[in-house]
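The values are calculated or read from the model by the stated rules, or taken from the named source; none is laboratory data. Just so we're clear, the structure is a prediction, and the values are computed from it rather than from any experiment. Note that we place each Cβ from the backbone using ideal geometry, even for glycine, and neighbour counts take in every protein chain shown. Ligands, DNA and RNA are stripped out before the accessible areas are found, and what is left, the full protein with its side chains, is counted by its heavy atoms. Shrake-Rupley method; radii C 1.70, N 1.55, O 1.52, S 1.80 Å.
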Amino acid sequence: LLADRLEREGVDAIYVTTLRRTHETAAPLAARLGITPIEEPDLREVFLGEWEGGIFRSKAIDNDPVFQEIFRQERWDVIPGAEPHDEFDARVWGAFRRIVAAHVDQRVMVVAHGGVIGHLLHRVTDSRRFAFSVADNASISEVVASPERFVLRRYNDVTHLASLDEHAP
C-alpha cells in the first residue's frame, strides 16, 4: 500500500538502514521504480542498552519507573547502557544532512525507525525532543529540505493504510 501511494511521487532515491525491516518496507517501491536502496547505517534505531531485544516493550507495559523517566526527560539514555543523547543526535542529524546535501532538488524516501523519525522531526521543527515520538509503521512524514531551510509538511500520514481497516475484524 505504501508503494501504491508513492509510486507516482517522483522518488529519485531510497535510503534504508542496516535493519532488515527497512529493506522490506522499501522493496516494493524500489522494485517498481528500478531503484537500488542506499543503506545509511547512521539512521539505525537508537541503541537501548540493557533494554534491547524486546525488553523496552515489556518495561513500557509494566510502566517501569525508568520508562516514565525517559518521557519526563525526553531522552533515551536514561536507560542503563543506552546510546548517549549527544551521540544519537550527531549520528542521525549528520546522516540527514548528508542525504539533503546529496539530493538537492530531488525527492528522497528514507525508511527509518520510530526513534529516528521522532528525533529528526524534533530537529527539523525545533520542537520538544519527544514531540513526534509515535510514528506508525509505514506512515509518511514529509520534510521539505534545502541546505538553508527545513519545513515539516506532514507527519504520520497513514491514509494509504485505510483499506486495511476495512478488513479488520
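Before moving on, here are some points about what is shown:
- Cβ-Cβ under 7 Å pairs, at least 6 apart or on other chains, the stretch 68-87 side in contact (Cβ under 8 Å) with a residue 40 or more places away in the chain and at positive phi, far side assigned to a loop (DSSP other than H, G, I, E, B) and open to solvent by 50 Å² or more (accessible area, probe 1.4 Å): Glu74/Arg128; Glu74/Arg129
- Any hit, the stretch 144-157, residues being surrounded by 11 or more Cβ atoms within 10 Å (Cβ to Cβ), touching a helix residue (DSSP H, G or I) at 6+ places or on another chain (Cβ under 7 Å), of a type in the set (Gly, Ala, Ser) and in contact (Cβ under 8 Å) with a residue 12 or more places away in the chain: yes
- Here the helices (runs of 4 or more DSSP H) wholly within the stretch 41-120 that include at least 2 residues being polar (S, T, N, Q) and closer than 19 Å to Val134 by Cβ are 65-73.
- A single entry from Val104, Val111 fulfils the requirement of being touching a residue at least 24 places away in the same chain (Cβ under 8 Å), open to solvent by less than 60 Å² (accessible area, probe 1.4 Å) and not charged (D, E, K, R): Val111.
- When each of Glu83, Glu87 is tested for being open to solvent by 70 Å² or more (accessible area, probe 1.4 Å) and at pLDDT 95 or above, the lone residue that passes is Glu87.
- Residues satisfying the stated conditions in the stretch 1-22, i.e. open to solvent by less than 70 Å² (accessible area, probe 1.4 Å) and either among the β-branched types (Val, Ile, Thr) or free of Cβ contacts under 8 Å to residues at least 40 places away in the same chain (or both): Ala3, Glu7, Val11, Ile14, Val16, Thr17, Thr18, Thr22
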